[in-house]
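Report on one structure; see the data block that follows.
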Amino acid sequence: MIKQILGRLPKKPSKSADARDPLSSNVLAGAKTGDSTGHKSGNGKDVPQQGFHPSSNSGVKFAEDLTANDNYAANPFEALPSFRDVPSSEKQNLFIRKVHLCCHFFDFTDPTKNLKEKEIKRQTLLELVDYISSASGKFTENAMQELIKMVSANLFRSPATQPRDNKALEAYDLEEEEPSMDPAWPHLQIVYELFLRFIASPETDTKLAKRYIDHGFIIKLLDNFDSEDPREREYLKTILHRIYGKFMVHRPFIRKSINNIFYRFIFETEKFNGVAELLEVLGSIINGFALPLKEEHKLFLVRVLIPLHKPKCLSTYHQQLSYCITQFVEKDSKLADTVVRGLVKYWPITNSTKEVMFLSELEEVLEATQLPEFQRCMVPLFRRIARCLSSSHFQVAERALYLWSNDHVENLIKQNRKTILPIIFPALEKNCRTHWNQAVQSLTQNVRKIFSDADLELFEECMRKFEEDEAKEKERKEKQEATWRRLEEVIITQHKNTETLLAPPQNTVAQTVAS
């Protein structure tokens with residue numbers, strides 16, 4: 001009886017995908033439109049949209065909704081409800097729809113274009129940042145996949161400006177150039193912040209996320225370090241450091257990829273904007289190396305860090321490079337000999353600014369150097385320092401003399417003064433006598449006093465040797481000048497004899513005129 005009564009009641013119509021969730025229509029229509037029309041790249045050109053279609057295992061609901069909305073022509077950028085306005089069971093679906101909406105990338109070179117859509121996207125991105133920051137449950141694999149697709153669609157774009165060639169690099173000082181600011185940065189910054197919060201979130205399952213933050217993703221992320229916008233490179237630096245810390249499986253690949261970037265920079269292009277930021281990340285990584293150091297890390301020092309002193313634009317990243325080098329020496333003092341010989345090998349000859357930087361770095365390295373390693377490299381090192389002491393550029397000579405202001409370096413020199421003083425004494429003495437800069441002369445006098453106070457007998461012996469060498473040099477120059485004078489006299493005599501032989505007799509000339 002009850003079954004019969006129930007059978008006569010009107011059945012509740014089955015809900016379609018859109019009826020089940022009133023939030024889906026607009027966003028899915030936008031996804032459909034985005035797939036067919038593409039999106040704007042960073043340079044304003046239409047490019048095919050990638051990453052909009054969810055994977056087959058992300059649920060059949062989206063495919064059904066797309067089919068049901070084939071003819072839906074609503075604005076794909078209609079603002080979606082806030083997360084606060086939907087029940088908890090629908091927040092994951094709303095999250096994915098908002099992510100889909102943000103996959104569109106507009107032309108920001110025209111500030112008057114797509115104003116409404118840009119603002120909707122900006123607000124949506126901010127909502128996604130808040131949602132990730134306050135997430136109380138693990139992100140699903142589908143949500144991770146779609147989020148990484150959205151991040152890729154926004155961040156991995158074609159460069160807005162053409163890279164400069166090497167000749168252009170030589171024409172000006174990179175430090176004085178105004179940095180290029182990306183007009184799309186107001187949106188890109190939120191995408192970077194969103195991705196950074198996602199990486200740092202405790203609700204991000206590393207085992208699932210590594211499927212989508214894979215080697216290809218990391219390569220593209222590293223390529224973005226060549227951005228001319230320093231604000232973007234700062235975000236990339238923080239994100240790369242977080243990825244390196246959280247995804248241990250990717251650590252060897254990240255180090256290898258950074259090495260490859262540096263190899264191209266050193267030996268091929270000498271053009272890459274993000275060298276300083278990458279070195280800053282590496283400084284933190286090197287600080288965490290376990291002892292004893294692996295052979296791989298020592299090779300990185302020899303093959304990458306030391307040759308990085310070669311490029312002309314060293315000044316743009318020298319501070320970070322010097323920190324990395326010093327970290328290695330502090331980790332393993334036996335590497336000091338390798339580092340010092342590497343610096344001597346790449347020591348600049350005609351660039352005084354680079355010489356000053358090398359001397360500053362050298363002081364930091366020597367401060368972490370122990371006596372046995374110092375003794376192995378001190379002879380070639382102080383031959384180079386002697387040339388710096390003799391430099392006519394007062395800043396180079398002055399910076400070299402400041403090495404004696406460091407107590408540890410001065411102590412190392414004093415302990416090996418019998419080897420070092422004979423090498424540098426001629427440079428010190430010539431500075432006192434003939435250097436044009438008063439400050440250099442004064443500093444040289446101080447250094448001479450340090451040596452004379454430490455070992456007067458050695459100092460006097462070096463003075464005698466210097467005076468003997470000066471006398472021999474004077475005698476050699478006098479002999480050389482005398483030889484040149486004799487040579488000139490012989491040439492003049494031969495020239496006169498040749499003119500006499502070639503001149504015709506006077507009577508022959510008279511006979512020729514008469515005839």
On the basis of being more than 19 Å from Ser227 (Cα to Cα), among the small types (Gly, Ala, Ser) and more than 14 Å from the chain's Cα centre (by Cα), does Gly245 make the cut? yes
Could you identify the single residue in Leu115, Leu94 that is open to solvent by less than 20 Å² (accessible area, probe 1.4 Å) and either of a type outside the set (Phe, Trp, Tyr) or in contact (Cβ under 8 Å) with a residue 60 or more places away in the chain (or both)? Leu94
Name the pairs: first residue in region 237-253 and without any contact (Cβ under 8 Å) to a residue 60 or more places away in the chain, second residue in a helix (DSSP H, G or I) and loosely packed, with under 15 Cβ neighbours inside 10 Å, Cβ to Cβ under 8 Å, at least 6 apart or on different chains? Tyr244/Arg251; Lys246/Thr206; Phe247/Thr206; His250/His215; Phe253/His215
Return yes or no: is Cys388 free of Cβ contacts under 8 Å to residues at least 40 places away in the same chain, under 38 Å from the mean Cα position of the chain (by Cα) and open to solvent by less than 20 Å² (accessible area, probe 1.4 Å)? yes
Hey, can you tell me all the residues within region 253-276 that are closer than 15 Å to Gln320 by Cα and polar (S, T, N, Q)? Asn273
If we keep just the residues of region 200-241 that are within 20 Å of Gly283 (Cβ to Cβ) and among the β-branched types (Val, Ile, Thr), which is surrounded by the most Cβ atoms within 10 Å (Cβ to Cβ)? Ile239
Considering only region 241-251, I want to know if a residue exists there that is closer than 24 Å to Leu101 by Cα and among the charged types (D, E, K, R). no
Of (1) out of contact with any helix residue (DSSP H, G or I) (no Cβ under 8 Å at 6 or more places or on another chain); (2) open to solvent by less than 10 Å² (accessible area, probe 1.4 Å), Ile349 satisfies all except one. Which? (2)
Taking region 417-430 as the region of interest, how many residues are open to solvent by 10 Å² or more (accessible area, probe 1.4 Å) and not hydroxyl-bearing (Ser, Thr, Tyr)? 7
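So that you can scan it fast, the table gives a plain yes or no per residue for (1) within 30 Å of Met181 (Cβ to Cβ); (2) modelled with pLDDT of 50 or more:
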site: Phe52; (1), (2): yes, no
site: Leu66; (1), (2): no, no
site: Asn71; (1), (2): no, no
site: Ile96; (1), (2): no, yes
site: Leu101; (1), (2): yes, yes
site: Asn114; (1), (2): yes, yes
site: Gln123; (1), (2): yes, yes
site: Val129; (1), (2): yes, yes
site: Ser134; (1), (2): no, yes
Of the residues Ser322, Ser360, Ser284, which single one is surrounded by 20 or more Cβ atoms within 10 Å (Cβ to Cβ), touching a residue at least 12 places away in the same chain (Cβ under 8 Å) and among the hydroxyl-bearing types (Ser, Thr, Tyr)? Ser322
Which numbered condition in (1) over 34 Å from the mean Cα position of the chain (by Cα); (2) surrounded by 14 or more Cβ atoms within 10 Å (Cβ to Cβ); (3) not basic (Lys, Arg) is the only one that Val409 fails? (1)
Glu78 is checked against (1) within 37 Å of the chain's Cα centre (by Cα); (2) of a type outside the set (Ser, Thr, Tyr); (3) open to solvent by 40 Å² or more (accessible area, probe 1.4 Å) and fails just one. What number does that condition carry? (1)
Per-region count, region 141-179, residues open to solvent by 30 Å² or more (accessible area, probe 1.4 Å) and at pLDDT 90 or above: 4
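The values are calculated or read from the model by the stated rules, or taken from the named source; none is laboratory data. It should be emphasised that the depicted structure is a prediction, and the values quoted were computed from it without experimental measurement. Glycine also receives a Cβ, built like all others from the backbone with ideal geometry; neighbour counts cover every protein chain displayed. Quick note on the areas: whole protein, heavy atoms, side chains included, nothing else; ligands and nucleic acids left out. Shrake-Rupley method; radii C 1.70, N 1.55, O 1.52, S 1.80 Å.
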